[in-house]
Every structure is written in C-alpha cells, then in structure tokens.
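The values are calculated or read from the model by the stated rules, or taken from the named source; none is laboratory data. Remember, it's a predicted structure, so these values are computed and weren't measured experimentally. Virtual Cβ from ideal backbone geometry, glycine too; neighbours counted across all protein chains shown. Heads up: the accessible areas ignore ligands, DNA and RNA and are worked out on the full protein's heavy atoms, side chains in. Shrake-Rupley method; radii C 1.70, N 1.55, O 1.52, S 1.80 Å.
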Amino acid sequence: QVQLAESGGGLVQAGGSLRLSCAASGRTLSSYAMGWFRQAPGKEREFVAAIANTGTSTYYANSVKGRFTISRDNAKNTVYLQMNSLKSEDTAVYYCAADPTPRFISRTLRVEEGAYDYWGQGTQVTVSS
C-alpha cells in the first residue's frame, strides 16, 4: 500500500500563491501516476491535474491551466501543486491521489477519480476576495 499526506493548505488572498505538497510512504512513488483533485462546499470532487510516473508528462483541467503546475520529486517521495493567481473559486479541499496503472504520456493520464486507488486526507485551501 501507499499512504499519502497533503500539506501546505491555508488562507490566501486572491491573486496570491500557495504550494501544496503530498508526501508518500509505503511504496516507491515512481510506481504511480499522481493526481490532484479538489472538492468545494456543495460540489462534487473534480479533477485538477495529473502527472506521469516519471514527471515527463502532465495534464490540467481547463479551469487551472496556466495557473497551476503539478510536479514530482520521486527521490523525495513527494508530489507538488504550485498554485498561482488564485481565485475565490479555487477554494476547496485539495486531495492528492495515486494511480497504480503506469502512465508515461499525457494522453493516458486519467481525470476520473475512479482511476485513483489511494487518496490523502485532504488539505483546505481558502482564497479570500
């Protein structure tokens, strides 16, 4: 099994930046493609970004493309989500997730939460206007 733990959430002004981290333990991080999802109050969980096992390919939801960057450091067993130009609509609980199917090119990265078998507990991001 792999265990995931998010950190880095908090309160930030609109237009500001925040970097989320997801630390993995139990298995080698390179065994998994990774994703970030978020869930706002009263809404369903939605896809944010995904990254291939080696970090060579990424995919983003249209709502965050150009503002958010997903990256990974397999040596540190950590995945990151750099969030810039934050908007009030970015307010949500953010979750990292692990996809056990090896994926190395962007067209194979999954946006469906059902493709991800392992999830962290989430970290709250609140953007004030």
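Within the range 1-108, the GluC sites (Glu not before Pro) that combine a DSSP coil assignment with at most 14 other C-beta atoms in a 10 angstrom radius are 44.
Charges were assigned to the Cβ only: +1 to each Lys and Arg, -1 to each Asp and Glu. The resulting dipole of the range 81-129 about its Cα centre is roughly 180 debye.
With all protein chains kept in place, the per residue accessible area of the chain amounts to 49 square angstrom at a probe of 1.4 angstrom. Rounded to 0.05, the FRET efficiency of the residue 39 and residue 76 pair, given R0 = 35 Å and the Cβ-Cβ distance, is 0.85.
Both numbers refer to the Cα atoms of the range 28-116; Rg and Dmax are 12.4, 37 Å. Expressed as a whole percent, the accessible surface of the chain that belongs to carbon and sulfur atoms is 45, based on a 1.4 Å probe. Among the trypsin sites (Lys or Arg not before Pro) within the range 1-73, which fall in a DSSP loop and have no more than 16 other Cβ atoms within 10 Å of their own Cβ? Passing sites in the range 1-73 are 27, 43, 45, 65, 67.
Note on the range 5-34 and the range 37-91: Cα centroid distance 9 Å, given to the nearest whole angstrom.
Evaluated with a Cβ-only charge set (Lys, Arg +1; Asp, Glu -1), the chain carries a dipole of roughly 280 debye about its Cα centre, given to the nearest 20. If both residues of a DSSP beta bridge must be in the chain, then about 90% of such bridges are antiparallel. Amide H to amide H distances under 5 Å link residue 57 with 52, where only residues 5 or more positions off or on other chains count and H is placed in the peptide plane.
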